[in-house]
Amino acid sequence: MRAFAPGIYPRSEALVQATRDLDRGRTSAEAVAEQTRRDVDELVSVQRDAGLSLLSDGLLGWQDIFRPLAEAAVGLDARPLTRFLDTNTFYRAVLVDGRPRLSSPVPAPDLPAGEWVGTLPSPLAFARAANDAVSARALAADVVAPQIQAWTEAGAGLIVLSEPFAAREGEAGELLSALAELPAAAPLALQLPFGDAAALLPALADAPVAAIGVDFYATSLDAVPSGYPKEILAGVLDARSSALESSDEIARFAESLAARAPAGVALTPNGDLQFVPESIAREKLARLGRASTTLAEVA
Amino acid sequence: MSGVRFITREIGSLAKPSWRVKAVAGRPLEESDFSAAEDWGRRLDVSGHEELVEGLRAGSLSKSQVDDWAAIYAIRLLERVGLDAVYDGEQKRTEMYDHVAAFADGFEARGIVRSFDNKYYAKAAVVETPSVAGPQDVKEFEFVRAYTDRVVKVPLTGAYTMEDWSYDEHYGHEGGLGASAEHRYEARRRFVHDVAVNVIRPNVEGLVAAGAAWIQIDEPAATTKPAEVPLVVEGFNEATRGIDAMKSMHICFSDYSALWPAVIELEDCLELQLEFANRDSRELGTKDEDRPGYAETLGLFKEHGYPGVGLGVLDIHSDFVEPAELVRDRILYAAGVLGDPERIQVNPDCGLRTRSWEVVYEKLANMVHGTRLAEEALG
């Protein structure tokens, strides 16, 4: 059973200090970039040691999930601070000042081709972050799709589209319409962090993505229809809790889920791990890997 | 002479001067730090500031003494820009969450998480029922009281925010995977109750006994989970019920539509001090279309008639210095919507800790000037 950790990973204490120093004029952007590289190297090492199937660079330079794409596109800007769901973390809402169009794709991480997982905002989430000043379909076609294309050509093993709003809205029509604008051949997954996915799962069975990510700290196992046709990215690490999960409990849960999801199950956090400190995230990744190993041994 | 007089005030935190940060952290100070202490001491007319500079250069000041100086500087800054109500810029506190979590029993530090951009906060986990041995901020208040003749407003972190910003390894620990929503809500309710009664209330009682006349409960997490706003209200009431002082609540960067009708149950709450400017236009004007950051929320205040509004007129996340005329127009617009200027007082959106003192000085001075312009216009 595959295991990996898409999304924004927490910064190390050293990187936190470096970015604070940068804001206070006490260090240079180059020094922060160097510390970021060290953090990425360390994160890759942690993921390899944990035996994870796909590697992430942790998006350690990203200020929020929307900002890099907003900055890489014409017609978009980012300014007002806006709370991210029911967390104490904020993103800058996207301002639309023209027809959005990706001008220069966000660079792919420097990781082996086919072995890395990238994360992007889903088109619907992007539209919501822009207060629907532009449609999800338009953002899908003109911003997200070319970015997906660029990362696919750069060797992405999987691109996870983070969609935190749809589960709370409970309606999939607009989302499905936007997803239809994305490259059909790209290795895509749609993740629904921090929300009860029960109402959406039936409609998403036909979504043009290979896998659906479900937060099982907000969604019951019974909500997954028996025989579900898509791979499930099972959110089994609670990215908003400092409590450490039991690898054995994760493995048992995954076995139960696998019985309902013949297309496959992969183990993931239920959202960005940036909501816990790095030391805790690191231990959670280790436990995710151990659960995956346990399942492999049982198989 | 205008018949309307608004009370201008800050919300809470100011940035800590570099000399304070380095001295308390035990890091070497540089010439620029000494200059900052000297320049601001002179500019704010801080009595005896030469002693501070000398002490910093000699390394002869204790951390406590440095904290005291930072508080005095902050008080003088807030006085100098003309605010009616002041505190000490929370110079003696780490930050609003850690200040409480580090003092109370029952919390354990877990590390740093991001708030936004390159801003972070320390987060703790509750591991047992929280409690305190005594009131936390009485000495801090008494110090401020001794150094100013202005109205003193004491900011305290609210019980709900303490609950929401903490990891829970005690109340809902057994919840986790598969727990019901009702189970999670009840666990959070017990957590809020215990913080309000065992941690916040002893502090409020101690402060008021020491002479504090105005307690501000900060609840930036108030609408994080809209269904839990009643817990915010419950926490406020349990922490302040029957206390003989002015009481208000500060909330920011939130969905204010979630506050009503629950906030009508706030007992004896003077006002809600809210952030507005962050979501507003920077153009002048007093029409609805000129003030997109204010219209919707002020409509709620008008509709429900309670409580009063502490009108955020400064965007604390930008170095943009709001012209006095923009402040004036924001106040005039609010007065027009509410139809009753008596329900309005004036403040920044939130604490100004992310701005330099230079920017803070200009922003607050313009806020006061703009407020006076609004008073003239209304008079």
Residues satisfying the stated conditions in the range A:68-94, i.e. within 14 Å of chain B (Cβ to nearest Cβ) and either assigned to a loop (DSSP other than H, G, I, E, B) or over 30 Å from B:E228 (Cα atoms) (or both): A:P68, A:A70, A:E71, A:D77, A:F84, A:L85, A:D86, A:T87, A:N88, A:T89
When you look at B:R188, is it among the basic types (K, R), within 14 Å of chain A (Cβ to nearest Cβ) and either surrounded by fewer than 24 Cβ atoms within 10 Å (Cβ to Cβ) or not in a helix (DSSP H, G or I) (or both), yes or no? yes
Quick test of your reading of the structure: A:E231 fulfils all but one of (1) within 14 Å of chain B (Cβ to nearest Cβ); (2) within 21 Å of the chain's Cα centre (by Cα). Name the failing condition by number. (1)
If you scan the range A:233-249, which residues turn out to be touching a Ser or Thr at 6+ places or on another chain (Cβ under 8 Å) and either crowded, with 19+ Cβ neighbours inside 10 Å or under 10 Å from A:L295 (Cβ atoms) (or both)? A:L233, A:A234, A:G235, A:V236, A:L237, A:R240, A:S247
Suppose we keep only residues that are among the polar types (S, T, N, Q) and touching a Leu at 6+ places or on another chain (Cβ under 9 Å) within the range B:122-157. Which one would you say is nearest to the other protein chains (Cβ to nearest Cβ)? B:Q136
Filter pass, A:D206 being among the charged types (D, E, K, R) and surrounded by 23 or more Cβ atoms within 10 Å (Cβ to Cβ): no
Output yes when any residue across the range A:127-147 is over 23 Å from A:G195 (Cβ atoms), more than 14 Å from chain B (Cβ to nearest Cβ) and of a type in the set (S, T, N, Q), and no when none is. yes
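Given the criteria at pLDDT 95 or above and assigned to a strand (DSSP E or B), does A:P105 qualify?
no
Consider the range A:243-287. How many of its residues are among the aliphatic types (A, V, I, L, M), within 21 Å of A:V224 (Cα to Cα) and touching a Leu at 6+ places or on another chain (Cβ under 9 Å)? Write out each step before concluding.
Pass one, the range A:243-287, residues among the aliphatic types (A, V, I, L, M): A:243-244, A:250-251, A:254, A:257-259, A:261, A:263, A:265-267, A:273, A:276, A:280-281, A:285-286.
When the remaining residues are screened for being within 21 Å of A:V224 (Cα to Cα), the result is A:250-251, A:254, A:257-259, A:261, A:263, A:265-267.
Adding the requirement that they be touching a Leu at 6+ places or on another chain (Cβ under 9 Å) leaves A:250-251, A:254, A:257-258, A:265-267.
Number satisfying all stated conditions: 8.
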When every residue in the range A:188-203 that is more than 14 Å from every other protein chain (Cβ to nearest Cβ) and surrounded by fewer than 20 Cβ atoms within 10 Å (Cβ to Cβ) is compared, the one nearest to A:D238 (Cα to Cα) is A:A199
Being farther than 21 Å from A:L190 by Cα, of a type in the set (D, E), more than 12 Å from chain B (Cβ to nearest Cβ) and part of a loop (DSSP other than H, G, I, E, B) narrows it down to one residue among A:D97, A:D110; which is it? A:D110
Kindly indicate whether any position in the range B:74-82 is at positive phi, outside any helix (DSSP H, G or I), under 19 Å from the mean Cα position of the chain (by Cα) and surrounded by fewer than 18 Cβ atoms within 10 Å (Cβ to Cβ). yes
Which one of the conditions (1) away from chain B (no Cβ under 14 Å); (2) at pLDDT 95 or above; (3) out of contact with any strand residue (DSSP E or B) (no Cβ under 9 Å at 6 or more places or on another chain) does A:A296 fail to meet, given that it meets all the rest? (2)
So, of the residues in the range B:127-163 that are β-branched (V, I, T), buried (at least 17 other Cβ atoms within 10 Å of the Cβ) and out of contact with any His (no Cβ under 8 Å at 6 or more places or on another chain), which turns out to be farthest from B:L83 (Cα to Cα)? B:V132
Tell me whether the range B:89-105 contains one or more residues that are closer than 25 Å to B:C252 by Cβ and aromatic (F, W, Y). yes
Among the residues of the range A:224-269, what is the count of those that are out of contact with any strand residue (DSSP E or B) (no Cβ under 8 Å at 6 or more places or on another chain) and among the aliphatic types (A, V, I, L, M)? 3
Have a look at B:S248, B:S257 and point out the one that is hydroxyl-bearing (S, T, Y) and either within 18 Å of B:I11 (Cβ to Cβ) or at pLDDT 95 or above (or both). B:S248
Within the range B:33-68, how many residues turn out to be in a helix (DSSP H, G or I) and farther than 21 Å from B:L364 by Cα? 20
Determine whether B:E303 is surrounded by fewer than 24 Cβ atoms within 10 Å (Cβ to Cβ), within 14 Å of chain A (Cβ to nearest Cβ) and under 21 Å from B:V232 (Cβ atoms). no
What are the pairs with Cβ atoms under 8 angstrom where one residue, in the range B:220-240, is in a loop (DSSP other than H, G, I, E, B) and the other, located anywhere, is of a type in the set (F, W, Y)? Sequence gap at least six, or different chains. B:P220/B:F253; B:A221/B:Y160; B:A221/B:W165; B:A222/B:Y160; B:T223/B:Y256
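For the subset of the range B:20-35 comprising residues that are of a type in the set (D, E, K, R) and crowded, with 17+ Cβ neighbours inside 10 Å, which member is farthest from B:V53 (Cα to Cα)?
B:K22
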In the range B:98-121, the residues that are touching a strand residue (DSSP E or B) at 6+ places or on another chain (Cβ under 6 Å) and more than 7 Å from chain A (Cβ to nearest Cβ): B:D98, B:V100, B:A101, B:A104, B:D105, B:G106, B:F107, B:E108, B:A109, B:Y121
Out of all the residues in the range A:23-35, which are in a helix (DSSP H, G or I) and either more than 8 Å from chain B (Cβ to nearest Cβ) or at pLDDT 95 or above (or both)? A:A29, A:E30, A:A31, A:V32, A:A33, A:E34, A:Q35
How about the range B:279-324: which of its residues are in a helix (DSSP H, G or I), out of contact with any Gly (no Cβ under 8 Å at 6 or more places or on another chain) and either more than 22 Å from B:E342 (Cβ to Cβ) or not hydrophobic (A, V, I, L, M, F, W, C) (or both)? B:D288, B:E289, B:D290, B:E296, B:T297, B:G299, B:E303, B:H304
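Quick grid of which residues meet (1) within 27 Å of B:S318 (Cα to Cα); (2) of a type in the set (V, I, T); (3) without any contact (Cβ under 8 Å) to a residue 60 or more places away in the chain; (4) surrounded by 20 or more Cβ atoms within 10 Å (Cβ to Cβ):
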| site | (1), (2), (3), (4) |
| --- | --- |
| A:D57 | no, no, yes, yes |
| A:P68 | yes, no, yes, yes |
| A:L76 | yes, no, no, yes |
| A:T87 | yes, yes, no, yes |
| A:Y91 | yes, no, yes, yes |
| A:G98 | yes, no, yes, no |
| A:L124 | no, no, yes, yes |
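The values are calculated or read from the model by the stated rules, or taken from the named source; none is laboratory data. For clarity, every value in this text was computed on a predicted model and none was experimentally measured. Glycine also receives a Cβ, built like all others from the backbone with ideal geometry; neighbour counts cover every protein chain displayed.
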